[in-house]
Structure formats: structure tokens, C-alpha cells
Amino acid sequence: MAKVVRTDRELEMHGVDAALRAAGHELVPLPDGVSEDELARALGDAELLLMCYTPVTARVIDAAPRLKGIVKYGVGIDAIDIEAAKARGIAVVNIPEYAGETVAEGAFALLLALAKKLKPIQRAIDRKGWVWPTAQWLGLDLAGKTLGLVGVGRIGSNVARMAQGFRMRVLGFEPYAAFPSGVEKRSHLRDMLAECDFVSIHCVLNPETRDLIGEAELRAMKPSAFLVNVSRGAIVDEAALLRVLQERRIAGAALDVYSREPLARAGHPLSALYAMDNVILSPHLTFYTHEAMARLEAETLERCMEVLEGRPVLVKSRDPRLRAQHKGVRFLD
């Protein structure tokens, strides 16, 4: 009936794939890292593109004359040239609600692991079989500590609720958001960073937030403070982060996202992080639970069917880039 291209096939979406094929559609799965040329060729006669991480450029969009919709099975839309899609009247939609609490739990798990020194303790016990309570293993209580949130939307608000359960003081920086109860608003990012024992990033990546946490911001943090990023790697100046970690200007970091993915032990700008006991590395998996993936597949399939059946596509996101669309979409108020 219609040709559907799905990139990033390594992220398994068995339910979506099976349902599309059962409905009679031709499904073409493409691997992570597919070239712009290969993607453009595959989309030449396709009506729907499903993508997660693969860049969708203006050239790719121009090569797809029959394309009706782009469904991002995930949240971040920075890899899509939305202006090019809008100019063609191609609907773009993401799935913003499937993992708001899931990713918050992942961020908080990383924060706890940093506070309790779980990585170096695990490494030591793997080598030695046991360690004794000496000063190098002293961890931190969360109660009474200050957590700063860069972004207080759906995920940030859930992190705030969890932190309050641990009796942490919570600060937040986000210029245009309504703040949840108990979160103290800060209007100046560097001033907030200087107050915090932990900083957790939860804003979207856009031109305003790219390199939002730069060298000056990182050096504004306490030497005893930790950084957690489960949002997008490019929100942080990663070269500056590597420098401040190497210089021990901050106490440590936990990262689930990177500007260049996948991370690698060699040949990657951040390869040196693997050797650091005060850095926890996660392979962009804080979203990945049974429950979140079930929600993601169900809603992704709903959006696909709207595109393929010629119905307006439901946009739940508040991102102004998606809200600026005028054709083939409807909005959740």
C-alpha cells in the first residue's frame, strides 16, 4: 500500500514493524549510520519516514517527493530539518510523553551512583574481592544537598519530585517555563551552578541551548559538584567538560548522551572518560525500559497510521518548532 522507511533499526520496534507489515505496507529498515545518499535513495518513493537518531537533512527531504510525514520515535527533533519539511508540507511529529518519568529515574540513578561512588567501588571489588571502609570510599548523603536543574519541563519536574523525596533543596533554570512546587527559580545560570552540589540537564537541544553549559559555566560549579546529562550531548561543551574533569575542577560527571554517538574507547573525542573513576558512562539508554518502550511503540504506531491514512497528525509536543506547522497536523491543547 505504501512504502515506509525506518532508520536506526538497531533500536528494536518489533510491534511497530509487524503492525505496518500486517497492514500491507512495505517496510524498509535502515541501520544506524546510514549515509545521506543511501537515505535519500530509499526515500525516493516512500510516503513515511520513521527515524530516531539519523539526520534528516533538507537534501534528504527534497529527494522524497511522495513523503507525507516524518515520525520521530523519541523526543529530540534536532536531527530533522523541520523548516525544509514545513516548506514541503510534510508533517513532523515526535513522541514526547512516553519516557518522562523513565528518563528522570535514569538521571536520578546516575546521580545516586555518583554520590555513593558505585563505579570505583565496583571496580575495586571486581579486582580485589573486597574493600574496607577507608577514606577513598566515602560517599555523600543526598539529604541537605542542593540540586540544580537546567530545564524544568516534564523530565526535570519528575527529577525535582524525586529529589524532594530525598530532602534535597532543588533549584531550577529555565527562562520561559512554569516552575513546579518546591523548585526555587534562578534567572542566571552561572549563579545557580555556583550554588549546586549536583547539576542535572533536562532541556531540549536547539540553537539557544547548544553549548549552553560551556567552559565558564563548568568552572562556575563547585569543585565538589557533579554534573549529570541525560538530555543531549551538545548542550554541554564536551571538550571543556573533558578539561575540567581532567583538571579535577569538578568532582565528576554521569553522561548518557554525547554529541557524537556511539561513544568509543578509541578514536572518539571523549575516549579519555573511560579511564576516569569519577565518570559514569551510559550508552543513551535511560529511556529504555519495558514500560517506556511499550508506550513508545503504541504511540508511534498511532502517529504512523494517521500519516498513512491521510488524517491530521497529533502533535503533543510544546516545542515551538513543531507548533509552527500549519499543514497535516493537529495539536493537543
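So here's what we get for this one:
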| item | result |
| --- | --- |
| Convex hull volume per residue in cubic angstrom - Cα atoms of the chain | 142 |
| Dipole magnitude of the chain about its Cα centre (Cβ charges: Lys, Arg +1; Asp, Glu -1), debye to nearest 20 | 680 |
| Given Lys222/Lys316; Lys68/Lys316; Lys117/Lys222; Lys72/Lys185, the pairs whose alpha carbons are separated by over 26 Å | Lys222/Lys316; Lys72/Lys185 |
| Low-density loop cleavage sites - GluC sites (Glu not before Pro) in the stretch 272-321, where at most 14 other Cβ are within 10 Å (DSSP) | Glu309 |
| Linear extension gain, His188 paired with Glu215, 0.36 nm per residue minus alpha-carbon span | 8.2 nm |
| Which of Met293, Met51 has the fewest Cβ neighbours within 10 Å, and the rest in rising order | Met293, Met51 |
| At most 11 other Cβ within 10 Å, DSSP loop - GluC sites (Glu not before Pro), the stretch 179-211 | Glu208 |
| Rg over Rh [alpha-carbon atoms, Kirkwood Rh] for the stretch 70-175 | 1.17 |
| Sum of -39500 (n - 2.57) over DSSP H runs of 4+, divided by residues of the chain (222 nm, nearest 500) | -9500 deg cm²/dmol |
| Rg/Rg_ref, the stretch 180-303, where Rg_ref = 2.2 N^0.38 Å and atoms are Cα | 1.16 |
| Residues Ser259, Ser181 arranged by fewest to most Cβ contacts within 10 Å | Ser181, Ser259 |
| Student exercise, the stretch 100-281 dipole from Lys, Arg, Asp, Glu Cβ charges, in Debye to nearest 20 | 500 |
| Förster radius 35 Å - calculated FRET efficiency between Gln122 and Tyr176, Cβ distance, rounded to 0.05 | 0.30 |
| Hydrodynamic radius (Kirkwood) for the stretch 100-281, which is based on Cα pairs only, to one decimal in Å | 16.6 |
| Computed lengthening from Ala324 to Glu208, 0.36 nm per intervening residue step minus Cα-Cα distance | 40.0 nm |
| At most 11 other Cβ within 10 Å, DSSP loop - trypsin sites (Lys or Arg not before Pro), the stretch 227-274 | Arg248, Arg265 |
| Separation of the Asp45 and Arg66 label points, Cα + 7 Å toward Cβ, nm | 0.6 |
| Spherically averaged projected area of the stretch 1-101 from its Cα convex hull (nm²) | 6.2 |
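Read the figures in this text as sums done on the coordinates, not as results from a lab. What you see is a predicted model; the values in this text were computed from it and never measured. Note: ideal-geometry Cβ built from the backbone for every residue, glycine included; neighbour counts use all protein chains shown.
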